[in-house]
Amino acid sequence: MANENTLQNIISHCKEYGFIFQSSEIYDGLSAVYDYGQYGAELKKNIREYWWKSMTQMHENIVGIDAAIFMHPTVWKASGHVDNFSDPMIDNKDSKKRYRVDHLIEGFAETLTDAEKAKGILDQMDALLAADNFAGLKSLIESNNIKCSISQTCSWTDVRQFNLMFKTEFGAVSGEDSEDNIVYLRPETAQGIFVNFLNVQKTGRMKIPFGIAQVGKAFRNEIVARQFIFRMREFEQMEMQFFIKPGTQKEWYEYWKETRMKWHLSLGISPDKYRFHDHIKLAHYADAACDIEFDFPIGFKEVEGIHSRTDFDLKNHQQFSGKKLQYFDNDIDPTTNKPIGNYIPYVIETSIGLDRTVMMILSQAYQEEDLSTEEKKDSRVVLKFPTFLAPIKLAILPLLKKDGLPEIARDLMNDCKLHFKCFYEEKDTIGKRYRRMDALGTPFCVTIDHQTKEDQTVTIRYRDTMVQERILLSEVKSRVLQAIQGF
Ligand code: ATP
């Protein structure tokens, strides 16, 4: 059984079957921006809903909000994004191509046959990055004679920081060169949660520990924008900020590491496809951080980050806004026998990319199967999605377009479509229709034939095993409902 799980095949499959298209494709596309087609949008929605439910429905102390993309510009000064949300870049003077310094050096190290030398260069790079030593990074590039892939020259500018936030102008003053009307497209959804911390805490009468979850678009002017929906300039994040008492961050950090890994495993993916990567160089706001990495067709890469953000964000928003962002804890402190009183909560963040999760689910589900027998060659491409995530749950297929079979099929469709997504199809041979449903990842197909009229049974076919059996027409709905129950 062949199982070529390559990124290129997945990209082609997504385009051919209406999952993901390049944005503005008729104009040759827009780099690192993608559109979800009819099945991709369903898949993405199902993942989003599963995450939302796991957070806000399964945890009594987590609520969800939906904050605006535009925020007051000072938010991004307070959060540190104006000063710190940047990557060191270098331009080649001949080709004018801009590179992220770490990617340029890593790319060069990968080409070396001497593994020890490669490691030495990467270690040097890590140390220079950690020290923000830009001159050192430039001389590392020059001393190793690292060339631009386009011009093949070694003529480099100095290393500079490049901010990843998209800027735009707000209101009627557009065109005037004023700092006052600049707004940013949010580079993360988290800040919408922090600035609403008190609104939610007070109106929801939330008691610490509690969490606020949010799903929404984020924008980053990524320099290296390759690898399909893994790294996009416009993407969706699913974030949750968990507010806790200072001093308890270590336990909650461990709690959320474990809880999030369990969520990943609940997608039916085996544990050896995941690993934790602990951060050594911490972001400006964190006192501990790790990534959950998934074994994508392009190797182990981050799909989710878990960060212990201390009180960095709330403290800074308090300072920049001049508004108190504190929690009054009326639990009794056993040492003083008095209420604990006011403090700025600490925060544990879980932040997962929705698009990266889509890519993870697609990579896991995509299989090319060789079904050849001695008599004939045969194969199929199948997306083995977990049933609860599949864009279509049930395909309803009358064998012929006549003899009253479509009417029976339509009745079944009407009975089921309120409960889950169904697909009705009467064109093509039944074999072709099954293959198409495999390619869309539909877990159940039912065929209505002449026997249905006699004994009220249908053929149900299971996507993964391709096993077919006859069951009562009246049992179809409950079969599917049973498979998605609890999700
Ligand atoms: P990376 O190191 O890959 O750039 P990051 O550490 O900057 O990611 P975070 O700021 O922690 O990412 O964002 C949380 C999550 O958002 C990531 O784990 C990822 O799933 C998703 N994400 C971040 N940037 C992008 C992007 N450009 N395209 C798609 N998803 C993204």
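We did not get these values from a lab; they are worked out from the coordinates using the rules stated. Bear in mind that the values here come from a model prediction, so they are computed numbers and not experimental data. Cβ: placed from backbone, ideal geometry, glycine included. Neighbour counts: every protein chain shown.
A few remarks follow.
- Note that the chain, at 25 °C in a medium of 0.890 mPa s, gets a Stokes-Einstein diffusion coefficient of 95 µm²/s from its Kirkwood radius over C-alpha pairs.
- Taken over region 234-340, the convex hull of the Cα atoms encloses 168 Å³ per residue.
- Rounded, prolate or oblate (a/c below 1.5 giving rounded, otherwise prolate when a/b exceeds b/c) for region 344-476 by Cα gyration tensor: oblate
- Measuring nothing but how far apart in sequence close Cα pairs (under 8 Å, 6+ apart) lie, relative to its length, the chain scores a relative contact order of 14 percent.
- Computed P(r) (all Cα pairs; region 3-87; 10 Å bins; percent): 13, 24, 29, 29, 5, 0
- Cα-Cα P(r), region 447-487, percent of pairs per 10 Å interval: 29, 50, 20, 2
- Cα shape, region 102-260, gyration tensor, a/c 1.5 rule: oblate
- Helix 312-321 axis versus longest C-alpha principal axis of the chain: approximately 70°, rounded to the nearest ten.
- Karplus 3J(HN,Hα) series, Hz, for region 276-291 with 6.51 cos²θ - 1.76 cosθ + 1.60 (x for Gly, Pro): 8, 10, 7, 7, 9, 8, 8, 5, 4, 9, 9, 10, 6, 7, 8, 10
- Radius of gyration and maximum dimension Dmax of region 279-387, Cα, Å: 24.4, 84
- The orientation-averaged shadow of the Cα convex hull for region 53-129, equal to a quarter of the hull surface, comes to 10.5 nm².
- Theoretical ellipticity at 222 nm over the chain - DSSP helices of four or more residues, -39500 (n - 2.57) apiece, nearest 500: -9500 deg cm²/dmol
- For the residue pairs 119/257; 315/338; 45/432; 207/301; 217/262, the C-alpha atoms sit more than 32 angstrom apart in 207/301.
- Cut-off 18 Å, label 7 Å out along Cα→Cβ of residue 315, residues of region 209-249 by amide N: 242-249
- Rg over Rh [alpha-carbon atoms, Kirkwood Rh] for region 112-176: 1.21
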